[in-house]
Amino acid sequence: MARHLAPIPRFFASIVRARSHPLRPGFPATSAGDIFVSMRQRPFRIIAFDWDGTAVRDRRADARPVARALQELMELGVYVVLITGTNYTNIERQFACHVSGPHKGNLYVCTNRGSEVFGYDARGELFQLYLREATDEENELLDRVAEAVKREVESSSEVTIDIIYDRLNRRKIDLIPEWPDPPKSQIGKLLKATERRLREGGWKEGIRGVFQAAQRHSQELGLFDARITSDVKHVEVGLTDKSDSIRWMLTEIAQRRNIPYRDIAVLGDEFGPIAGFEGSDFRMVIPEAEGVAYLSVGKEPNGVPPQVEHLGGGPARFLWFVKRLAELHRRFLPSSDRAFLVVEEGFSPLREREVESIFTMANGYLGTRGSLPEQDESSSPATLIAGVFDRRSRQAPEELVILPDWLFTRIYVDEERLRMKRRNIVEQHRILDMSKGVVYRELLYEDITDRITFIRSTCFVSMARPHLLVLRVTVVPRNYRGEIRVETGLRLNPRANPPLRGVEKASGPDGSGILIRGRTLFTGVEAVMAQRSRVAPGFVHPEYGTRSDDEGIVEAWRWDGRIGQEVTLEKLVCAYTSLDGADPLFAAIGLLEEASRLDFEDILLEHAEAWSKRWEAAGVRIEGDEEAQHWLNFALYHLIAAGNPDNERVSIGARALSGPIYKGHIFWDSEMFILPFFIFSHPPTARAMIMYRYHTLRGARAKAAAGGWQGALYAWESTSDGEEMTPPAALAPTGEVIPILSGKLEHHINAAVAHGVWTYWNATHDHDFLRRAGAEILAETARFWVSRTEEGEDGLLHIREVEGPDEYHEGVDDNLYTNLMAAYNLRHAAKAVDFLEKEWPDDHARLREEVGLQPEEPRQWLEAADRIYADGGRPDGVVEQFAGYFDLEDIDVRRFRPHTAALDTILGRERTAASQLVKQADVVMLLYLLEEMFDEESLRANFLYYDRRTAHGSSLSPAIYGLVAARLGLTREALEYLRRAGTIDLADNMGNAAGGVHVAAMGGLWQQVVMGFGGARAKEDGLFLYPRLPSRWSSLEFSLAWRGCRLKVRVRRNRLMTVEVEGDAGTGVPVGIYGTAPKEMKAGCAYASRWTGGTWGDFEEADGE
Amino acid sequence: MSEAERKALVLPLDGSPASATALGSALAVSRLTGATVHVVHVTDSPLPEHGLAEYLSLPYLEDGSYVIHLLSGDIVGSILDFSLQAQARMIVMSGQGKTSSPQRVVGGTALSLMQRASIPILVIRAAMRHPPGPEWRPRRMLVPLEGAPLADCVIKQVFDVARELGLDMDILHIATSGRRPPLETGTFGSPRYLDYPQYDWPAWSEEFLYRFYSYLHPDAELRLFHRRGKPDTVTLRFASENGEDVIALSWRGLLQDRQAGTVRGVLARSELPVLLIRT
């Protein structure tokens, strides 16, 4: 079952829905930190607010907009506490009736000035959570106080005042009955009118005098804890006030759920004094609420108390605040764009390894499979660091070392361990948010005694700090009280082979934190992982300890769990090796200390920001094909995660850092399939990848020499220093011993590296690279080809006994791909050396000296290139894949459809080799790379010929066929290949992805879309475009880094293409329509081409369309 | 009631010598698992108690190795009801009986039982050259997979039977054309892509072990093989060449289904008992 566009789980669905309401500007778009002074990036989890005057103008105002905004907050998990003096019926009518859905349970309404609290169950049914009921004696006292005040005022003046008795737990002394229901906005007028009325009636002390009389009578009559307030029209004497609502919130929401006070915002409009009285909302400022953020949106003409931050702006500002808060929350939650999500629901032990690969989190330096922290026999966790290899024995090939598993976490409830058994899992949702490289998980777990525990986790491998790994876990007992113990640590992976040796485990010197370190046996790399976990702020203070055993070392936290209590553990891990510096231990501890000073939210946001920048450069947008967009996002996510611009000593292996099955070996895939993506999206990573080939030249020279050739021959499977790592044979489950000849025969890898060098240089004009490294790679590989050719009787040069990309045919002569790519290598080597000689003679001299380059060699390379056998093709233009290919049994793959296995497996090795069955793009690779060598007819003829004979037994194949089909306008075929390439991992139901994702196929997918449908071609005289979009795609957008500028290409329905050029002012780059001369496009300008007369017209400067 | 008393296996007989071919296997399974053999005969005609064993072509065994039950009514329904009541873990039966014909792979009653039973059925081909006798001691069970999904419940039943009989297991993947690769989530078919066989085949084998090893009895051996060709032919050949004792097949319960070609082919020619488990 394809995982693309899976339904969003219930919890996350609400988030996605919430996101669909865009924020409307209305106030300056300052950063969150500017507004939420007290919390930096940390979003409030409880907001409490006065209703009338704060959230709405008055009780007649339309509350639907604010209800919608607050409902969004509730859906995001924020608790909303409405505090009002009025009764519930008024709030229901104006506000609560507009809130619906299961998240209404996060709404609390505190009415009647702190005397009542109402809440809602999961169905939205109202129930009363709290009621302060006055005793008869208290009611009588309230009456007596109010009446005593009335008597005093009326007996000493002409003023008549009313008492309103029918209020819960309070009496209202109405000082101006003729103003029945003054709006808050009229408070200034009301104040004057009330004071005038009192004074003109002979009550010279005014409102303050009435207030003081109420205080005095309360004390005299024995109502010692009377709550006396005034809103200018009334003086109220009561048993409760808003401070009781705040206290209830602190106790029943914050403390019960373990939410720290610093995560609470209280908003009002009257904190400051009015008419000599403290503001009515000042009652919400209570001493025990230390850390709570108080914010006023009122006018506050007399200023605000020091505890309060003044925002101003009234209800509009309140609404803006609520929306900003929702926006801030969403930054920590999965993207609302489903094309950026991979969703996995439930738990299937059968598929768990696939899920782990797909959910891999990586940053190029390090990758961690998305294993469940609990782990069981269905898990295959692995953390791999690029370049950290070891051997199982001295003779064995190098392979990536599986490092201790840092996700490892075990949770116990009353000493019973939560195990991933399907019968215990009520619900599980996992989401990989590819937009920011974060894995979210929610688990509802029911144990054998019906205890239900809710677990939420967030984890990521930081893109901003490549050595930092982060896991946050929240544990919530849903229906029980019991002891909870969480152990989280660094577990030695029992499947690690080769394992780390001499492992040391230790706790931090101050008793907090743990670390583990060990060393590879044969490569001598020291690896260190240091961890520190902490409890997120709250009211629960778990016991802490560390424990070490044969499995590894853990930090253990233990506390008494209560229903609804959310305890969050945050775990930071730092990984370093001696390849990063002389003292990895010091570096790991240093970073750990630095990161420990940051809030989790800060670490997540800087990570998300780093991802955002990478997406900005690499993103491709397809409108009209949601599935294709999802496949592409998935591919780009894993590609971005694989690249490391900071390390020239590593490249990207066939499964990147998502699994160990390819041992981290680096094949031709890196240059041919992965590198182009980085060249055009993130050149620094591309440069690092190519520099890896420069640094492994020594190994390549040794391999060439061992074969009796000149120059350098790159290892088919390369690791730390370029030594050949290809095993000589493999055992198939058929019992056959398969000789593996690719290490001996697939010499075309040299041309792949050379092609990568030239493509990178051509796209970047990174002359420093060419001078330092590129020319040398080209020269050494060219030398190899010269020595590898044999002169035939026909006077031409032949390359015999090789294996092309089609690995079904080994030991063939004159594989056309190899021959033509060798010629390419030779010509470009000559060109580079010539360029060096003209432009940088010092570098040319150095090259001559260092590699013994003779003056005549470039000329010899050119001559060799011209003399290499290149099949002229049949009369219909179809070229022969290798000498004798056409004589083999013809085979049409369509005859075997459908089939349950790779076609060569069905036909058998011998028959396959004796037939024209092709494993993967071979001649068709040439149709892509050396397109200009074929005319339109022969491009088509060759594609159709080989398409029928290709088994696509390699995951690298479909995208290249799709690319060529797209360029040829064979849209139906191209889309089918796009589907095949896009679903290699996502729709895998054969366990193929279990060992890691096919990252090279992902690079192929990017090429198919950009180079195929987008029609991009990078030539020496410019970058050319000739898009051919499928009719269902309404638009295609991508960007290309091109010689210091960034081209933002947008194609709309095969009718209009625009190119925006970003770059330094005054710069320009050559860009054109494929088949025409390029045009110099200036940075800062936009250009457009229209489809007219059956072709794309020349680019013209666009006038802002 | 002891564990052994609770265990039951059902042997349906129709009185034909062909149907009695399964007795030896039933007794062997009984011996290995401690289960009681319940011989079930469904008839609406009165039968004399004396000579019942002869009527059912059964040898008379002194130790009461089986219990005979005479039932009436719908034959298949009665057998299945009885199996349910007895909590039988397996039906052992011959593929042929009175209703068999040369044109059909199995008799009508056998077919109905196969299609409706929810417990494993061990089918003995009547024309088998050497049908298992009570002393039969199977060692290995072959589980051929041709890319069809091996559902969780099937895996469990296959492995349960293997555990009870103490069998090692050989899983045989068969690559074939003319059939669609399975699409069901969790299916474990042959790899579609073999980018580099030196890594993809070991990875595929390792993934197999992950998926199935937890079901395996700790003392049992599990082996994985891959072959190509026509699934029934490959299965029978492999079984013969590798000393298999039982062939386990999962099927959807429709013998006319194209996909049941393997079941048809194996039942028609197998020289080994065939364990059928319906998905």
Which condition does A:Lys421 not pass, out of (1) more than 23 Å from A:Ser596 (Cα to Cα); (2) within 20 Å of the chain's Cα centre (by Cα), if it passes all the others? (2)
Restricting to segment A:879-909, what's the tally of residues that are without any contact (Cβ under 8 Å) to a residue 12 or more places away in the chain, more than 10 Å from chain B (Cβ to nearest Cβ) and touching a Ser or Thr at 6+ places or on another chain (Cβ under 8 Å)? 0
Any idea how many residues of segment A:255-281 are surrounded by fewer than 24 Cβ atoms within 10 Å (Cβ to Cβ), under 30 Å from A:Leu191 (Cβ atoms) and either without any contact (Cβ under 8 Å) to a residue 24 or more places away in the chain or out of contact with any Leu (no Cβ under 8 Å at 6 or more places or on another chain) (or both)? 5
Looking for something buried (at least 17 other Cβ atoms within 10 Å of the Cβ) and not in a loop (DSSP other than H, G, I, E, B) - is there at least one such residue anywhere in segment A:876-885? yes
Tally, over segment A:325-341, of residues that are in contact with a strand residue (DSSP E or B) (Cβ under 8 Å, 6 or more places away or on another chain) and surrounded by fewer than 23 Cβ atoms within 10 Å (Cβ to Cβ): 4
Before we move on, is A:Ile516 within 32 Å of the chain's Cα centre (by Cα), under 30 Å from A:Arg330 (Cβ atoms) and either modelled with pLDDT of 95 or more or of a type in the set (D, E, K, R) (or both)? no
If I filter segment A:1047-1070 for residues that are over 23 Å from the mean Cα position of the chain (by Cα), modelled with pLDDT under 95 and of a type in the set (Lys, Arg), do I get at least one hit? yes
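For (1) touching a Cys at 6+ places or on another chain (Cβ under 6 Å); (2) without any contact (Cβ under 8 Å) to a residue 40 or more places away in the chain; (3) part of a strand (DSSP E or B), each residue gets a yes or a no:
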| site | (1), (2), (3) |
| --- | --- |
| B:Leu236 | no, yes, no |
| B:Ser240 | no, yes, no |
| B:Gly243 | no, no, no |
| B:Ser250 | no, no, yes |
| B:Leu254 | no, no, no |
| B:Leu275 | no, no, yes |
Filtered residue count, segment A:1044-1061, keeping only those that are in a strand (DSSP E or B) and farther than 23 Å from A:Gly1097 by Cβ: 1
Looking for whichever is away from chain B (no Cβ under 14 Å), buried (at least 24 other Cβ atoms within 10 Å of the Cβ) and either aromatic (Phe, Trp, Tyr) or over 30 Å from B:Arg211 (Cβ atoms) (or both) here; the options are A:Gly969, A:Gly1012. Which one fits? A:Gly1012
Consider segment B:132-155. How many of its residues are modelled with pLDDT of 80 or more and in contact with a Lys or Arg (Cβ under 8 Å, 6 or more places away or on another chain)? 1
Qualifying position, being within 14 Å of another protein chain (Cβ to nearest Cβ), of a type in the set (A, V, I, L, M) and either more than 25 Å from A:Ala635 (Cβ to Cβ) or without any contact (Cβ under 8 Å) to a residue 60 or more places away in the chain (or both), among A:Leu311, A:Leu350: A:Leu350
What do you reckon, is A:Arg859 assigned to a helix (DSSP H, G or I) and within 14 Å of another protein chain (Cβ to nearest Cβ)? no
Quick check on this structure: which one of A:Ala656, A:Ala641, A:Ala608 is surrounded by 20 or more Cβ atoms within 10 Å (Cβ to Cβ), within 14 Å of chain B (Cβ to nearest Cβ), under 22 Å from the mean Cα position of the chain (by Cα) and closer than 24 Å to A:Thr458 by Cα? A:Ala656
Which residues, taken from segment A:165-192, are more than 14 Å from A:Ile207 (Cα to Cα), in contact (Cβ under 8 Å) with a residue 60 or more places away in the chain and not charged (D, E, K, R)? A:Leu168, A:Asn169, A:Pro183, A:Ser185
Being closer than 15 Å to A:Asp904 by Cα, within 7 Å of chain B (Cβ to nearest Cβ) and assigned to a loop (DSSP other than H, G, I, E, B) is the filter here, so list the residues in segment A:724-739 that pass it. A:Ala732, A:Pro733, A:Thr734
Over segment A:910-930, the set of residues buried (at least 16 other Cβ atoms within 10 Å of the Cβ) and either within 12 Å of another protein chain (Cβ to nearest Cβ) or not aliphatic (A, V, I, L, M) (or both) is A:Thr912, A:Ser915, A:Gln916, A:Lys919, A:Gln920, A:Asp922, A:Tyr928
Among the numbered criteria (1) touching a residue at least 24 places away in the same chain (Cβ under 8 Å); (2) assigned to a helix (DSSP H, G or I); (3) not aromatic (Phe, Trp, Tyr), which one does B:Glu207 miss? (1)
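The values are calculated or read from the model by the stated rules, or taken from the named source; none is laboratory data. Remember, predicted model here, so these are calculated numbers, not experimental data. Note that we place each Cβ from the backbone using ideal geometry, even for glycine, and neighbour counts take in every protein chain shown.
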